There are 4 protein chains.
Amino acid sequence: MPEESFFQDQYFIKMRKERLEAFSDGVIAIIITIMVLEIKVPLGDTFKDLRPLVPVISSYVLSFIYLGIYWNNHHHMMHTVKRVTGDILWANLHLLFWLSLIPFVTGWMGENHFTPLPMAMYGFILLMAAIAYYVLQTRIITNHGRDSLLSRAIGKDIKGKMSPVLYLMAIGLCWISQWIAGGIYILVALIWLVPDKRIEIIFKNEEEREVK
Amino acid sequence: MPEESFFQDQYFIKMRKERLEAFSDGVIAIIITIMVLEIKVPLGDTFKDLRPLVPVISSYVLSFIYLGIYWNNHHHMMHTVKRVTGDILWANLHLLFWLSLIPFVTGWMGENHFTPLPMAMYGFILLMAAIAYYVLQTRIITNHGRDSLLSRAIGKDIKGKMSPVLYLMAIGLCWISQWIAGGIYILVALIWLVPDKRIEIIFKNEEEREVK
Amino acid sequence: MPEESFFQDQYFIKMRKERLEAFSDGVIAIIITIMVLEIKVPLGDTFKDLRPLVPVISSYVLSFIYLGIYWNNHHHMMHTVKRVTGDILWANLHLLFWLSLIPFVTGWMGENHFTPLPMAMYGFILLMAAIAYYVLQTRIITNHGRDSLLSRAIGKDIKGKMSPVLYLMAIGLCWISQWIAGGIYILVALIWLVPDKRIEIIFKNEEEREVK
Amino acid sequence: MPEESFFQDQYFIKMRKERLEAFSDGVIAIIITIMVLEIKVPLGDTFKDLRPLVPVISSYVLSFIYLGIYWNNHHHMMHTVKRVTGDILWANLHLLFWLSLIPFVTGWMGENHFTPLPMAMYGFILLMAAIAYYVLQTRIITNHGRDSLLSRAIGKDIKGKMSPVLYLMAIGLCWISQWIAGGIYILVALIWLVPDKRIEIIFKNEEEREVK
């Protein structure tokens, strides 16, 4: 039954990617949702009782946007994957590991009203997540060839190279001004907020070429 | 290999929608379930120890129904989507953001036995979720054309326009009578409880026309 | 484009069922897992510190098995569904509502070492879940006809009719003997532990008839 | 309509496996993520406040890797499954049960800074999960025949047989040296960290044979 085993294998590769996506989606969905558990229900019922929640909710909003960006870009990147190898799988779990620590640093930063160390730790986790994302991206390109879709799509990857530098700057600045550090975290989010049009455009170009 | 890239692209668009649905389902499923974690296990084991749980469980029931309605209608609306663009994706995350705050306000309202401010905050989150839903709906129609299935299905969208007005009324009434405010929250839930027949009917009509 | 709309509709019905299954699976998976959060990490590190966990873990095991049974039978039942109507959807959410309260009563029963009231409440939630399951089953049969697969598969549904009676008995017996009540809860679990062979057998018979 | 019922049945078997995979993925994704809830946000905001988190985070990292391994290998194993029978379903739930206790023992071990009993309990849960995995593997082979893909893939299953022995050794050594016990837990993780190449190789061989 060689033919069957061939299809079996096609199925194998396809399923692996789908399960990887589904698992990653699941983990990111849980991370983004359990973060809300860090917002403790206040004991009182007056506006005064809500005031300490302002920094908690602000940091929740920022982390929600960051996780949304990661989910969105992860989605685009995964789309270019044809083969899931062991190193892609573990590079992906490595990324999920750093993302899973976001609720913890979000809660710590929010409850301490953006004091230097919690704020720097927040930047550190973002930095590690960015590095993990870069590693995953590199593993996918290595496995699919320099000429692959992802490789062409990211091009010089200016965003990807700029983000860690900005995070490092922000971490250092936490002890000087929490406003500048926070501003940089928001800035990086804004840079990425635009979904990764590069991959979309390449796809569109190929489709248009097709139509002609 | 232009043909392959064409199918690739078809696959691309299809998968994006499925992942968007799966991610939204995941987040709503988690929200609806972690809400139960706000119901703290009482220390004693008598009927008296259960009494303070009555408002907590009542607000849980109401929020469970609201999230069920959102899941159901989100499902119907997503069904009409053919292309997932960046703005649909972020409008969807924006909706999930407000839904994710429901467990927090549910717990706050329940533990404070429906005092004015927590009850108004509950209405505020429902209002923001309703607006986010409306924005998402508008983005989908803009992307799929005024003549699209969704556009025909929602028609004048009386429910969608009435709900925010009712929420605003309820928020103001929280300081006058918690019973009236609560009654309005229940009323809006009842209005929506009927699944969005409009889309179902349009589908049915098209199918019947098909059979002829 | 009548043909397209026809397929569209086929897709519509199929997707609804898959999303219903996926959502139910998600909720049950979350319920079964967050239940473990009720097992509080003990402060000490001796065997003595583990002793109070014995009732907590026992009740966790029992609830884990119950949720496993519900997931399994829900799976079998959903398999027979061809059309998801509004009433099936809400009957399903109604079932999930009662299942979502299982972690709460499990924690309460475990922490109070099986005293009468928490134990009766546990039985009450099981009773309501059993009734919700029965309602869902009835809605599916009503929608698919008396002669449908599910209808033939469940036959006289002895298990389904016996369980609520046994739960009611156990609830009453909680104030007489916690051992008998607990024994009944275990007994009902054992009765259901066998996966619903009835549906499997009917499927098998049809397949065999096919082969001939 | 015998033909329809035949396809129906094919669909039946296929869906069951997919739902089993999806459910398992969901549970593992939730377990791996809620574990982070055991890392309590510290009250202070100095480096000193972070120090007690070092053992908590170390044990989190180890458990994250273990759950990643289980997810990965479960994935490979499930891939070889063609028929989901009742015993496979329950053997799978049995595995998920032990995995669900990992967050609890991880938190207990981390908060007690690796004292003997919590560390031995951690090993005990790993041991039970390993046994449950072995039972599941055996059930699959029994159902698919000695000559099945999984059977050939695991071969003598040296890793699978060695792990429980190593866990048992580590459990005993917890009272002698926490470093050696911890070292063994890390060692077993490293042994498994390599994804189960055996199944991948068998698939690859079959594919190559195919190409010739």
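The values are calculated or read from the model by the stated rules, or taken from the named source; none is laboratory data. As the structure is a computational prediction, the values presented were derived from the model and not from experiment. Using ideal geometry, Cβ is built from the backbone for each residue, glycine included, and neighbour counts are taken over all protein chains shown. Areas reflect the complete protein model, heavy atoms only, side chains present, ligands, DNA and RNA absent. Shrake-Rupley method; radii C 1.70, N 1.55, O 1.52, S 1.80 Å.
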Looking only at region A:26-59, filter to residues that are open to solvent by 30 Å² or more (accessible area, probe 1.4 Å) and of a type in the set (Ser, Thr, Tyr); which one of those is nearest to the other protein chains (Cβ to nearest Cβ)? A:THR46
Looking at region B:133-146, can you tell me whether even one residue there is at pLDDT 85 or above, on the phi > 0 side of the Ramachandran plot and outside any helix (DSSP H, G or I)? no
Just to confirm my filter: which helices (runs of 4 or more DSSP H) fall fully inside region D:152-212 and include at least 3 residues that are within 12 Å of chain A (Cβ to nearest Cβ) and either over 21 Å from D:TYR60 (Cβ atoms) or at pLDDT 90 or above (or both)? D:197-211
Please enumerate the residues belonging to region D:66-90 that are buried (at least 20 other Cβ atoms within 10 Å of the Cβ) and over 17 Å from D:GLY26 (Cα atoms). D:THR80, D:VAL81, D:VAL84, D:ILE88
Any residue at all in region A:15-24 that's farther than 19 Å from D:ILE32 by Cα, in a helix (DSSP H, G or I), of a type in the set (A, V, I, L, M) and at the interface with chain D (Cβ under 9 Å from one of its Cβ atoms)? yes
Contact list please: Cβ distance under 8 Å, first residue in region C:79-93 and in contact (Cβ under 8 Å) with a residue 12 or more places away in the chain, second residue among the small types (Gly, Ala, Ser) and part of a loop (DSSP other than H, G, I, E, B), pairs at least six apart or on different chains. C:THR80/C:SER148
If you scan region C:70-90, which residues turn out to be of a type in the set (S, T, N, Q) and facing another protein chain (nearest Cβ under 8 Å)? C:ASN72
State all residues of region C:96-119 that are more than 7 Å from chain B (Cβ to nearest Cβ), among the aromatic types (Phe, Trp, Tyr) and part of a helix (DSSP H, G or I); if no residue qualifies, say none. C:TRP98
Go through (1) in contact (Cβ under 8 Å) with a residue 40 or more places away in the chain; (2) aromatic (Phe, Trp, Tyr); (3) under 28 Å from A:GLU38 (Cβ atoms) for B:TRP175 and report which single condition fails. (3)
Could you check region D:108-129 and list, in sequence order, the residues that are open to solvent by 10 Å² or more (accessible area, probe 1.4 Å) and closer than 26 Å to C:TYR66 by Cβ? D:MET121, D:PHE124, D:LEU127, D:MET128
Going through region D:43-91 in order, the residues found to be closer than 25 Å to A:LEU96 by Cα and of a type in the set (Lys, Arg) are D:ARG51
Residue identified as of a type in the set (A, V, I, L, M), more than 10 Å from chain B (Cβ to nearest Cβ), within 26 Å of B:ILE69 (Cα to Cα) and touching a helix residue (DSSP H, G or I) at 6+ places or on another chain (Cβ under 9 Å) among C:LEU62, C:LEU93, C:LEU67: C:LEU67
For residues in region B:47-88 being among the polar types (S, T, N, Q) and within 21 Å of C:HIS94 (Cβ to Cβ), which is farthest from the chain's Cα centre (by Cα)? B:SER58
